[in-house]
Each structure stands twice: as C-alpha cells, then as structure tokens.
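Here's the structure we're looking at; comments come further down.
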Amino acid sequence: MRRIDMQLSSTFEELERAVKELQSAIGDLEEDLGHRIVLLASEAITNAMEHGNNWQPERKARLSLVVSEHKVELEVADEGQGIRVPRKEADPLRSKNRLKDHGRGLMLMREYADEVHVADGARTLRLVFFRKSGPDG
C-alpha cells in the first residue's frame, strides 16, 4: 500500500507540485487508470483552490491518495464554505453550455471515477477507482 498526504497552499505552484507527486506515486498503475486519477485529481485540487479557497494562499487544500491492491482512493478537501452539489449536472454538449468555462468537473468525475462521494458540507471530495488487477498486473 502507498499513501500520499499533502497540505497545499492555494497557489498554482502548489497545484503543480501536487500533480507531480501524484504522477510519481501512481507511475506503475495501469495506464488508463493513472491518466484518470491525474485528470480528476488536478480538477479536484483546482476546484478546491479556486472555488473553495478563492486562491488565497493562507487557505489550505488537503490531498490524500491511498493506493491498495484493489483500489485507489483520492480525497481532496478545502477550507471554503462548501458548494451546492446539483443532482444532475448541466449537459456541456448543449449549445447554451458549450462555451462556458466551468461546470464540467463533477460530470467528468462521475464518468471517470467508480465512486464519487461529497462530504463535510461539500468541502471534501472522495473518489474511488477500482483496479482491474493487483499491484503486479
């Protein structure tokens, strides 16, 4: 089992550092799974820093990654007020939504993660990815 726990200031530099740490930690996972984890982690951390913490460096985002034999769990939390989580996201392919620069994150998460859990007043996001095989393939 591998584990990463990071506390991040809400800055672009910390976002980049977190993504590099994640890429290093999941380097030997199945390629598709690794890509999905990095994509969604980057989205979740960006959302925490932007929407939760308003890019205020003194406000922290927390990242936790646990890689076990059968699954990978990713958790991202922020110090914000939480968000209203829609029951159903707006369809980004509808003409009125195509040019919007926000609103695709939860849809992507629900599409690419096996489980999506929102907790703590919508300040904590936990994503679960099931592995197709054990650590040795």
So Glu79 and Asp114, fully extended at 0.36 nm per residue minus their Cα-Cα distance, gain in nm 10.0 nm
The Rg/Rh figure for segment 13-69, Cα atoms and Kirkwood Rh, to two decimals is 1.01
Once Lys and Arg are counted +1 and Asp and Glu -1 for all other residues with Cβ under 9 Å from that of Val116, the total becomes 0
For segment 1-78, listing GluC sites (Glu not before Pro) in a DSSP loop whose Cβ sees at most 16 other Cβ atoms within 10 Å gives Glu30, Glu58, Glu69
Simple spin-label estimate for Phe130/Glu21, 7 Å along Cα→Cβ, in nm, reads 2.9
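FYI, it's all coordinate maths here, none of it is from the lab. Treat the numbers as computed from the prediction; the structure is a model and nothing was measured. As a convention, Cβ positions derive from the backbone with ideal geometry for all residues, glycine included, and neighbour counts pool all protein chains shown.
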